[in-house]
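*Asks:* Mind looking over this structure? Questions follow.
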Amino acid sequence: MGHGFGELAKVRGIVTHKISPFEQRAFANVISKGVPNTLRRIRSQIFIVAPRHERMKICFCTDLDKSVLISNFEKRGWVQVTADDDWNFYWAGTGTCRNIFSVDSGYRMHDNQLINHFPNHYELSRKDLLVKNIKRYRKDLERDGNPLAEKTEANIPGGSKYLYLDFIPITFVLPADYNMFVEEYRKNPQSTWIMKPCGKSQGAGIFLINKLSKLKRWSREAKTSFHPQIGKESYVISRYIENPLLIGGKKFDLRLYVLVTSFRPLKAYLFRLGFCRFCTVKYDTSVTELDNMYVHLTNVSVQKHGGEYNNHHGGKWSVQNLRLYLEGTRGKEVTDKLFGSITWLIVHSLKAVSSVMASDRHCFECYGYDIIIDNTLKPWLVEVNASPSLTSTTANDRILKYKLIDNILNIVLPPDGVPDVRWSKIPSPDMLGNFDLLIDEEIAAQDDNIQNSNNGKHRSNSNRWK
């Protein structure tokens, strides 16, 4: 996972390096793992000698019994196999991906295999690591004197803030940052905070607090110590966005799909058909409603159990409808600025983790970005999901997710449709479908080189006339 020959990448959790057990015992696991793995790789490469249009059938494997996946794969003539068979394309759960990339598995992927997760995707999708990586990214830019890390004056109310990278609410990781959280809380004891377990999703374990005593009482009842020296389950506690943009008096957030095909160089795409997820109960900041999750949490997994949930539209609204609504009520200029800020937020959250991600060429990943817009039309990044739900709650939902998977496959596969890690990962524009290119550092570098070359020729030609 090095950046180049002889350079070891920094991977969280690895603090020492030693000789591999396979170097210490050169013939370890030769029979049990080495021979089967070699035979599997030889079989998979046999058809490479043949012309590409005469290649063998593509085999797929998946942990998820989702119609939007299976129907897309079968439409392409792919054949489903088990994880123990030779496969070319694996749409896996994060646990399966972790096992495949584990050193203990002894599994080596060949050139014609793709899988839908990066080995350490959790650097972006775990709430605590996301916050740590963004904070580190800002500090690194600040140390380098990068203007992106410019801050406001320290004497303004609330202290100095980043002018361009202020897109996550004030957040602390508990128990490690408990003392810092208490210090921040006491600056504004009337504020509301939201607690989330780092390793859970779909609204599980989330609650709001507006008093320090409530947090301490919960800690005692849950038998979870917030002493920094005691290792317990990690939580993030964030300043609650108390002034969300409301439509029809209800709170909502955005679910946007972002496809990453490489982290070094960074290549990312944004799916245009994202949607808003609405709460079923009108927003109310009163203390009596603090524990009412139908008021505060937009997760469909939470809202579908409410009495006001609508099975027809699922409490969802397309991003296109949101844009039209905002252009009509707030104006086109501020609406364009909002959507530009959302794009900015996504790109820099990806840049914040690009240096620590294991950017394996066998991998791609579709992330579910959850974003809240406040009533000043400022977007806030809430969290990033490595396995956004592919369950369809409505007919429109099913159509959207079918298109999502189809478009992803068009982008991550070479033009002939055969998985191949040697491909450049630069799809033609007509293959993007409903995705827009967010960033491609490789193409940007090529454009810069062409521009510099043209400038050099221009200077050279100019010199002839002197």
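*Asks:* Condition first: touching a residue at least 60 places away in the same chain (Cβ under 8 Å) and open to solvent by 60 Å² or more (accessible area, probe 1.4 Å). Now tell me which residues in segment 414-440 satisfy that.
*Replies:* D416, R422, D436, L437
*Asks:* Scan segment 367-376 and give yes if some residue there is over 25 Å from I70 (Cβ atoms), in a loop (DSSP other than H, G, I, E, B) and open to solvent by 30 Å² or more (accessible area, probe 1.4 Å), otherwise no.
*Replies:* Yes - at least one qualifying residue is present in segment 367-376.
*Asks:* On to the next question. For S349, indicate whether it is hydroxyl-bearing (S, T, Y), part of a helix (DSSP H, G or I) and crowded, with 19+ Cβ neighbours inside 10 Å.
*Replies:* Against the criterion (hydroxyl-bearing (S, T, Y), part of a helix (DSSP H, G or I) and crowded, with 19+ Cβ neighbours inside 10 Å), S349 qualifies.
*Asks:* Can you pull out the residues in segment 380-417 that are under 16 Å from the mean Cα position of the chain (by Cα) and of a type outside the set (A, V, I, L, M)?
*Replies:* W380, E383, N385, S387, P388, S389
*Asks:* Quick one: in segment 73-106, which of the residues that are among the hydrophobic types (A, V, I, L, M, F, W, C) and farther than 19 Å from V418 by Cα is least open to solvent (accessible area, probe 1.4 Å)?
*Replies:* C97
*Asks:* Right, next: Name the single residue that is nearest to T62 (Cα to Cα) among those in segment 107-133 being open to solvent by 50 Å² or more (accessible area, probe 1.4 Å) and among the aromatic types (F, W, Y).
*Replies:* Among them, the one singled out is Y107.
*Asks:* Could we say that I399 is out of contact with any Gly (no Cβ under 6 Å at 6 or more places or on another chain) and without any contact (Cβ under 8 Å) to a residue 60 or more places away in the chain here?
*Replies:* Yes, satisfied.
*Asks:* In segment 211-225, which residue that is part of a loop (DSSP other than H, G, I, E, B) and modelled with pLDDT under 80 is least open to solvent (accessible area, probe 1.4 Å)?
*Replies:* Checked segment 211-225; the qualifying residue least open to solvent (accessible area, probe 1.4 Å) is T224.
*Asks:* State yes or no: is K337 over 30 Å from G199 (Cβ atoms), open to solvent by 50 Å² or more (accessible area, probe 1.4 Å), part of a helix (DSSP H, G or I) and free of Cβ contacts under 8 Å to residues at least 60 places away in the same chain?
*Replies:* yes
*Asks:* Can you tell me which residue in segment 134-151 is farthest from Y367 (Cα to Cα), limited to those that are open to solvent by less than 40 Å² (accessible area, probe 1.4 Å) and touching a Lys or Arg at 6+ places or on another chain (Cβ under 9 Å)?
*Replies:* So the residue we want is A149.
*Asks:* Do you know which residues across segment 124-183 are assigned to a loop (DSSP other than H, G, I, E, B) and under 21 Å from the mean Cα position of the chain (by Cα)?
*Replies:* Within segment 124-183, R126, Y164, L165, D166, F167, I168, P169, I170 qualify.
*Asks:* Does segment 276-296 hold any residues that are open to solvent by 10 Å² or more (accessible area, probe 1.4 Å) and not polar (S, T, N, Q), and which are they?
*Replies:* R277, F278, V281, K282, Y283, D284, V287, E289, L290, D291, M293, Y294
*Asks:* Looking at segment 408-466, which of the residues that are of a type in the set (D, E) and in a helix (DSSP H, G or I) is modelled with the lowest pLDDT?
*Replies:* Applying the filter and picking the extreme gives D448.
*Asks:* Could you count how many residues in segment 56-96 are in contact with a strand residue (DSSP E or B) (Cβ under 9 Å, 6 or more places away or on another chain) and not in a loop (DSSP other than H, G, I, E, B)?
*Replies:* Residues in segment 56-96 being in contact with a strand residue (DSSP E or B) (Cβ under 9 Å, 6 or more places away or on another chain) and not in a loop (DSSP other than H, G, I, E, B): 14 in total.
*Asks:* Assuming D360 fulfils every condition listed in (1) in a strand (DSSP E or B); (2) within 30 Å of I100 (Cα to Cα); (3) open to solvent by 30 Å² or more (accessible area, probe 1.4 Å) apart from one, which condition is it?
*Replies:* The one condition D360 does not meet is (1).
*Asks:* If you don't mind, another one. Can you find a residue in segment 378-389 that is buried (at least 18 other Cβ atoms within 10 Å of the Cβ), among the hydroxyl-bearing types (S, T, Y) and modelled with pLDDT under 95?
*Replies:* Yes: one or more hits.
The values are calculated or read from the model by the stated rules, or taken from the named source; none is laboratory data. Quick caveat: nothing in here was measured; it's all calculated off a predicted structure. All Cβ positions, glycine included, derive from the backbone under ideal geometry; neighbour counts span all protein chains shown. Quick note on the areas: whole protein, heavy atoms, side chains included, nothing else; ligands and nucleic acids left out. Shrake-Rupley method; radii C 1.70, N 1.55, O 1.52, S 1.80 Å.
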